[in-house]
Amino acid sequence: MNQLNGSIPAWLFELPRLEYLDLSGNLLQGHIPISLSSNISLSLKTLKLSVNNLNGKFDFFLLRNCTMLKEVDLWRNTELAIDVKFLKSVTPFQLRELMLSGCNLDNSIIAGPNLFVTQRHMQFLDLSNNNSAGSLPTWMFSNETALIYLGLANNSLVGSLDLMWRQQSNLRGINISMNFFTGQLPMDISSVFPNLTVLDASYTNISGHLPSSLCNINSLEFVGLSNNKFTGEVPPCLFTDCSFLEFLKLNNNLGGPILGGANNLFSNVGEIYLDSNHFEGALPNNISGFMFIMDFHDNKLSGELDVSFWNISSLSFFTVASNNLNGQIYPMICN
């Protein structure tokens, strides 16, 4: 990242042996200087122009001769209009990475027809923050795709998530937050996504129960399911068996005992947000681990705080406000 400003010179794209062009994180303005008459390098594999102030219209058809193209990253150019309609039935390139978050996307990005139908090797796809509308397209989850990361956050997508719950053994990161989906998490989620690391489905209107098979995903590090319509209890194994889990946020209509009723809890979950639910009963005794944030406010907890909370040396934020706790606050809190 630098502070380069002005416009991008057209001659850059016509360097005959150009394979990799990265001008991300600058103050560049104007349009991307590629036209139908451009003699763009046929060796181009990577094009990264993210986090600039580019504008105008960029048509992917202008890259029709770049048979070696693998990566395109135009993330966060809010005034840049992106056209993904393709004038040929088969695209000359097979992308591995396409990052278009925070651009001005044509709605055909979801509805089609577009270039994605022919992409069979896409691994990283981010279409977040674009106000895209419609339902999930079938091309995203065909058996021929090899997605590792899918970002659809902060759009206006609607409808069922059933299409996503087909077996996607390659997917490691999913962010579908802030949309208007319906449906539930699959009960066999560990079979659908056996290698999942990140699951963010907060603010999506989904409902049902939290599947206990989440605990069988050994690679799981981040779970964000807040502001949905989940009910029932939290599987206690989320706090005891997920050795790599670092972030858990579950603000919903969940109930039952806090932390799944686990006592003598040792947890490595660094951030736990269980606020604004209906958890009840006492907090566990002899709690220990490496927690940084524990947010239990606005529940129905009762009883006294165990002194073990003040022995968690890593704890920097702790709230149990708006509950029914009683007893005293021990001076050990000062440590």
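The values are calculated or read from the model by the stated rules, or taken from the named source; none is laboratory data. Being a predicted model, the structure only gives us computed values, none of them experimental. Glycine gets a Cβ as well: all are built from the backbone with ideal geometry, and neighbour counts include every protein chain shown. For the accessible areas, the whole protein counts, side chains as well, though only heavy atoms, and no ligand, DNA or RNA atoms are used. Shrake-Rupley method; radii C 1.70, N 1.55, O 1.52, S 1.80 Å.
Things to note:
- Packing-based ranking of 240-247, 125-132 yields 125-132, 240-247, ordered from highest to lowest mean Cβ neighbour count within 10 Å.
- If only the Cβ of Lys and Arg carry +1 and only the Cβ of Asp and Glu carry -1, the dipole of the range 259-329 around its Cα centre is close to 100 debye.
- Anchor Lys57: lysines whose Cα lies under 17 Å away (excluding residues fewer than 8 positions away in-chain): Lys48, Lys85
- The calculated FRET efficiency for Asn253 paired with Ala146, based on their beta-carbon distance and R0 = 35 Å, is about 0.45.
- Dipole magnitude for the range 9-118: about 220 debye, using +1 per Lys or Arg Cβ and -1 per Asp or Glu Cβ, origin at the Cα centre.
- Inter-label distance for Ile329 and Met68, nm, one decimal - labels placed 7 Å from Cα along Cα-to-Cβ: 6.5
- Under a 5 Å amide H cut-off, with hydrogens placed 1.01 Å from N, Ser267 pairs with Ser288, Gly289, Phe290 among residues at least 5 apart or on other chains.
- Distance between modelled label sites at Ala282 and Val117, nm, 7 Å Cα→Cβ extension: 6.4
- For Ser24, net neighbour charge (Lys/Arg +1, Asp/Glu -1) across residues whose Cβ lies under 12 Å away: -1
- Rough spin-label spacing in nm, given labels placed 7 Å along Cα→Cβ, for Asn311 and Leu4: 5.7
- Net charge of Cβ neighbours under 13 Å - reference Leu47; Lys, Arg +1; Asp, Glu -1: -1
- In order along the range 271-276, the Karplus-derived 3J(HN,Hα) couplings, from 6.51 cos²θ - 1.76 cosθ + 1.60 at θ = phi - 60°, round to 10, 10, 10, 10, 6, 6 Hz, and Gly and Pro are given as x.
- At the listed q of 0.22, 0.25 Å⁻¹, the Debye profile of the range 50-103, built from one uniform point per Cα, gives log10 I(q)/I(0) equal to -0.86, -1.04.
- Cβ-based net charge around Leu199, under 14 Å, with every Lys or Arg adding one and every Asp or Glu removing one: -1
- Summed over the residues of the chain and divided among them, the accessible surface reaches 45 Å² per residue at a probe radius of 1.4 Å.
- The range 212-335, accessible surface, carbon-and-sulfur percent (1.4 angstrom probe): 48
- Among [x] 50, 48, 34; [y] 79, 52, 28; [z] 77, 42, 28, the entry derived from the coordinates for Cα extents along the principal axes in Å: [z]
- Charge dipole magnitude, Cβ of K and R +1, D and E -1 - the chain, Cα centre, debye nearest 20: 1040
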